[in-house]
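The values are calculated or read from the model by the stated rules, or taken from the named source; none is laboratory data. None of the values given here were measured: they were computed from a predicted structure. For neighbour counting, all protein chains shown are included, and Cβ atoms are generated from backbone atoms with ideal geometry for every residue, glycine included.
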Amino acid sequence: MRANRDNVCLYVMLHASEAFDEHASAYDELRRRLIPPFDSFYGAAVDALALGVTPPTRVLDLGAGTGLLARMVRERFPASELTLLDASAAMLDEARTALGPSATYVHADLDDPLPDGTWDAIVSALAIHHLDDAGKQRLFAKIHDALTPGGVFVNAEQVAGPSALLDDLYQRWNERGAKALGVSESEWAGAEERMRFDRCASVEDQLGWLRAAGFADVDCVFKDHRFAVLVARRGGG
């Protein structure tokens with residue numbers, strides 16, 4: 001049974017990375033229009049890094065894509081040593097163009113072992129929802145163990161509503177907001193195609209999984225419908 005679940009998860013992740021490969025060059029500009037609270041959402045994620053080791057020296061970005069969040073981290077903390085991990089080679093190529101040799105790039109899946117070493121901060125934006133619930137819990141445990149004492153995990157994520165009715169309302173809110181920002185019918189259809197690979201979980205479930213992984217301080221510091229920023233701090237620092 002476990003092998004079957006792992007095979008399904010691998011299938012989803014492989015096809016998700018292919019879908020994002022196709023849209024890598026235009027991804028940043030489109031993301032800004034697909035996320036109605038874009039500035040507040042990403043701003044809250046970067047602000048949350050102050051809850052951990054400040055300033056963070058070693059920062060790992062999981063599912064880094066084009067390096068959008070990593071660039072914001074670098075702007076706030078210019079001395080940070082960034083490592084970007086993503087399953088899409090095309091996305092990492094875009095990140096490498098933007099950040100150059102000042103960062104390290106790792107082509108890997110979220111189910112793979114994390115890069116060696118301990119981290120002051122581990123961040124992620126709109127990536128972990130591609131894992132199933134068991135995969136999220138395994139990743140949260142790996143993240144906890146990879147952080148230095150006092151280190152912080154910041155997950156800017158697309159989340160499920162706490163009920164089917166609210167989840168549907170959130171989806172329709174997102175569509176209305178994106179189209180008000182200029183997203184075309186064809187662009188929204190493309191986004192919906194990529195959303196087929198989403199396996200979102202509620203804020204409540206994820207906060208519980210983070211506590212179960214051993215994190216000392218856990219909270220949702222931002223939420224606007226289906227977009228939330230979850231923060232978890234490892235104890236001891």
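Applying a threshold of 7 Å to beta carbon distances and a minimum spacing of six or more residues, or different chains, the list of pairs starting in the stretch 158-179 at a residue that is farther than 17 Å from Ile35 by Cβ and ending at one that is part of a helix (DSSP H, G or I) reads Pro162/Glu204. Only helices (runs of 4 or more DSSP H) whose full extent lies in the stretch 130-203 are considered here, and the ones with at least 3 residues that are modelled with pLDDT of 95 or more and within 20 Å of Asp219 (Cβ to Cβ) are 133-146. Select from the stretch 1-57 the residues that are at pLDDT 50 or above, in a helix (DSSP H, G or I) and among the polar types (S, T, N, Q) and write down the one among them that is surrounded by the most Cβ atoms within 10 Å (Cβ to Cβ). Among those that are at pLDDT 50 or above, in a helix (DSSP H, G or I) and among the polar types (S, T, N, Q), it is Ser17.
Which pairs do you get when a residue that is without any contact (Cβ under 8 Å) to a residue 60 or more places away in the chain, found in the stretch 182-205, comes within reach of a residue that is small (Gly, Ala, Ser), reach meaning Cβ atoms under 6 angstrom, with the pair 6+ apart or on two chains? Pairs that qualify, where the first residue is without any contact (Cβ under 8 Å) to a residue 60 or more places away in the chain and the partner is small (Gly, Ala, Ser), are Ser202/Ala160; Val203/Ala228.
Can Gly214 be described as out of contact with any His (no Cβ under 6 Å at 6 or more places or on another chain) and in contact (Cβ under 8 Å) with a residue 24 or more places away in the chain?
Working: out of contact with any His (no Cβ under 6 Å at 6 or more places or on another chain): no; in contact (Cβ under 8 Å) with a residue 24 or more places away in the chain: yes.
Against the criterion (out of contact with any His (no Cβ under 6 Å at 6 or more places or on another chain) and in contact (Cβ under 8 Å) with a residue 24 or more places away in the chain), Gly214 does not qualify.
Within the stretch 70-89, residues that are over 19 Å from Asp112 (Cα atoms) have Cβ atoms under 6 Å from residues that are assigned to a strand (DSSP E or B) and modelled with pLDDT of 95 or more in these pairs: Ala70/Asp61; Ala70/Leu82; Ala70/Leu84; Val73/Val59; Ser80/Val59; Glu81/Arg58, counting only partners at least 6 apart in sequence or on another chain.
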